[in-house]
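Notes follow the structure.
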């Protein structure tokens with residue numbers, strides 16, 4: 001279906017738009033290039049999983065240890081964190097606040113299923129927390145690496 005390909009069509013424009021904004025503000029540093037790269041790659045992988053992997057797994061009734069069920073939350077969390085941080089400053093305090101807000105918001109969104117009557121999946125919350133933690137660790141490592149170079 002054509003709608004499965006729309007994110008892939010938009011992806012270069014998203015990358016270009018963020019890159020353009022960062023260059024215009026003279027913030028397109030090696031650090032920002034790395035965070036943007038991680039954000040775009042995780043977005044690409046999220047869309048591959050959502051558009052092709054998940055439907056294939058469900059159609060063929062394959063048990064993949066809930067990977068297809070949680071990939072949206074796992075990779076989507078990484079995408080959200082790194083795309084937002086690509087556009088924000090690199091003040092450590094500000095960045096930790098932003099990451100906490102993103103992770104809390106994603107967990108809160110999942111918890112809204114209790115109120116709206118949709119099925120609540122604790123695996124999605126767990127995936128968000130695990131990949132949020134991984135994103136924080138990766139971001140912290142990048143921050144340490146690029147702080148030394150400035």
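The values are calculated or read from the model by the stated rules, or taken from the named source; none is laboratory data. From a predicted model like this one, the values you see are computed outputs, not experimental measurements. Every residue, glycine among them, receives a Cβ derived from its backbone with ideal geometry; neighbour counts consider all protein chains shown.
See the values below:
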{"item": "Flag if residue 117 is modelled with pLDDT of 95 or more and either within 14 Å of the chain's Cα centre (by Cα) or surrounded by fewer than 21 Cβ atoms within 10 Å (Cβ to Cβ) (or both)", "result": "no"}
{"item": "Residue, modelled with the highest pLDDT, within segment 134-143, restricted to residues that are over 12 Å from residue 35 (Cβ atoms) and under 12 Å from the mean Cα position of the chain (by Cα)", "result": "134"}
